[in-house]
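The values are calculated or read from the model by the stated rules, or taken from the named source; none is laboratory data. Every value quoted in this text rests on a predicted model; they were computed, and no experiment measured them. Here the Cβ is made from the backbone with ideal geometry for all residues, glycine too, and neighbour counts use every protein chain on show. With ligands, DNA and RNA removed, areas are computed over all heavy atoms of the protein, side chains included. Shrake-Rupley method; radii C 1.70, N 1.55, O 1.52, S 1.80 Å.
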Amino acid sequence: MRLNNSILILILNFVFYFGCAQKSTIDYLGIGDSTKFSSQHYYLNQSFRPYKNYFIQEYLKLNQNIHNFNKSIVIVGIIDSTSIDQLASLKLDELKQMKIKNKTVNFQIMFKDDGGRMIEFSYFDGTYHFWNIQRYTVQTLKNGRQVGVMYTYVEREIISNQRSIKDIQESIEEKRVSYINEVGEMDLPSVSIE
């Protein structure tokens with residue numbers, strides 16, 4: 001079953017706005033209750049299955065929750081639905097639309113030698129500054145079906161009198177290249193959906 005573009009864009013937005021009322025921690029993707037990025041551990045905090053072939057898992061640092069987190073890992077798996085190019089194009093289209101209304105939106109796409117795609121983007125939503133690095137790839141399940149995987153590293157920081165957008169952007173710039181390289185070169189978790 002193919003998802004139409006409008007539904008897929010809504011679902012991708014859903015990942016970043018965390019609008020699900022029910023919280024569960026089922027490891028739908030079979031990648032475990034924890035993951036690691038840049039020497040930090042993240043633990044499964046929420047998982048969603050909004051459609052039969054669509055899975056979302058959010059990982060946070062210990063003692064953080066959806067209300068107080070500053071870093072997270074979001075991993076999405078979509079079985080038999082779209083290609084890497086379609087997923088990346090949908091996100092780019094969404095970011096272009098966001099930029100029309102929000103001039104703080106910045107983004108770039110990167111192409112990997114293995115055919116994968118990466119998108120780095122940032123924006124200010126009025127309260128928080130978000131910085132995201134997304135990597136798109138395709139994996140093959142044991143049953144031979146293809147699953148599109150979107151791995152996202154997210155940093156969120158509240159804008160306050162002590163920390164301006166400029167301060168936050170400067171701190172990101174210090175680590176930006178190394179984090180992009182780390183997301184691009186890391187072995188992504190192997191998805192094992194039953």
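Could you work out the helix-only [θ] at 222 nm for the chain, with each DSSP H run of four or more residues adding -39,500 (n - 2.57) and the total divided by the number of residues, to the nearest 500 deg cm²/dmol? Can you show the working numbers first?
Numbers: 3 runs with 52 residues, N = 194.
Theoretical 222 nm ellipticity from helices: -9000 deg cm²/dmol.
Can you tally the net charge around Thr35? Count Lys and Arg as +1, Asp and Glu as -1, for every other residue whose Cβ sits under 15 Å from the Cβ of Thr35. Present the calculation step by step, with values, prior to reporting the outcome.
Numbers: positive: Lys36, Lys61, Lys71, Arg135; negative: Asp27, Asp33, Glu58, Glu182, Asp187.
So the surrounding residues net to -1.
Would you calculate the volume per residue, in Å³, of the smallest convex hull containing every Cα atom of the chain?
Working: hull volume 24.2 nm³, N = 194.
Roughly 125 Å³ of hull volume per residue.
Using a 1.4 angstrom probe, figure out how much accessible area the chain has per residue, in square angstrom, rounded to the nearest whole. Show your work: numbers first, answer last.
Working: 10020 Å² over 194 residues.
Solvent-accessible surface per residue comes out at 52 Å².
Between the helical axis of 5-17 and the dominant principal axis of the chain, each derived from Cα atoms, what acute angle in degrees is found, rounded to the nearest 10?
Compared with the principal axis, the helix lies near 50 degrees.
Using a Cα-Cα cut-off of under 16 Å, which aspartates and glutamates could be cross-linked to Lys36, ignoring same-chain neighbours fewer than 8 residues away?
Asp27, Glu58, Glu155, Glu182, Glu185, Asp187
Cα axis of helix 84-101 to longest principal axis of the chain: angle in degrees, 0 to 90, nearest 10?
30 degrees
Between Thr140 and Ile172, what FRET efficiency comes out of the Förster formula 1/(1 + (r/R0)^6) with R0 = 41 Å and r the beta carbon distance, rounded to 0.05? Walk me through the intermediate numbers first.
On the way: r = 34 Å, r/R0 = 0.84.
Efficiency for this residue pair is about 0.75.
Is there a quick way to get the dipole size of the range 68-126? I mean about its Cα centre, with the Cβ of Lys and Arg at +1 and of Asp and Glu at -1; what is the value in debye to the nearest 20?
Working: 8 positive and 8 negative charges, 71 e Å.
So the dipole magnitude of the range 68-126 works out to roughly 340 debye.
Placing one identical point scatterer on every Cα of the range 106-194 and ignoring solvent, what is log10 I(q)/I(0) from the Debye formula at q = 0.16, 0.17 Å⁻¹?
Taking Cα atoms of the range 106-194 as identical point scatterers yields -0.71, -0.77.
Using Cα positions and a limit of under 15 Å, work out the aspartates and glutamates in reach of Lys142, with same-chain residues fewer than 8 apart set aside.
Asp80, Glu194
Compare Asn143, Asn68, Asn102 in a GNM of the chain, Cα atoms joined below 10 Å, and give the one with the largest fluctuation.
Of the options given, Asn143 has the highest mean-square fluctuation.
Specify whether the C-alpha gyration tensor of the range 151-194 places it in the rounded, prolate or oblate class, a ≥ b ≥ c being the square roots of the eigenvalues: rounded for a/c under 1.5, otherwise prolate if a/b is larger than b/c and oblate if not. Walk me through the numbers on the way to the answer.
Values: a/c = 6.89, a/b = 2.05, b/c = 3.36.
Oblate, because a/c is 1.5 or more while a/b does not exceed b/c.
From zero outward in steps of 5 Å, how is the percent of C-alpha pairs of the range 22-120 spread across the bins?
2, 11, 17, 17, 20, 21, 10, 1
Of the candidates Thr104, Thr137, Thr152, which one comes out as most mobile in a Gaussian network treatment of the chain with C-alpha springs shorter than 10 Å?
Thr104
Based on alpha-carbon positions alone, could you give the equivalent ellipsoid semi-axes of the range 81-139 from the gyration tensor, as √(5λ), descending, whole Å? Numbers along the way, then the final one.
Working: eigenvalues 109, 27, 16 Å².
Working through the eigenvalues yields semi-axes of 23, 12, 9 Å.
Under 17 Å Cα to Cα from Lys52, which lysines show up? Leave out anything in the same chain fewer than 8 places away.
none
Round to a whole number: what % of the accessible area of the range 25-172 belongs to carbon and sulfur, probe 1.4 Å?
Working: 3330 of 6930 Å².
Here it works out to 48 percent.
Report the residue, chosen from Asp114, Asp93, Asp27, that carries the largest GNM mean-square fluctuation when the chain is represented by alpha-carbon nodes joined by springs under 10 Å.
Result: Asp114 has the largest fluctuation of those listed.
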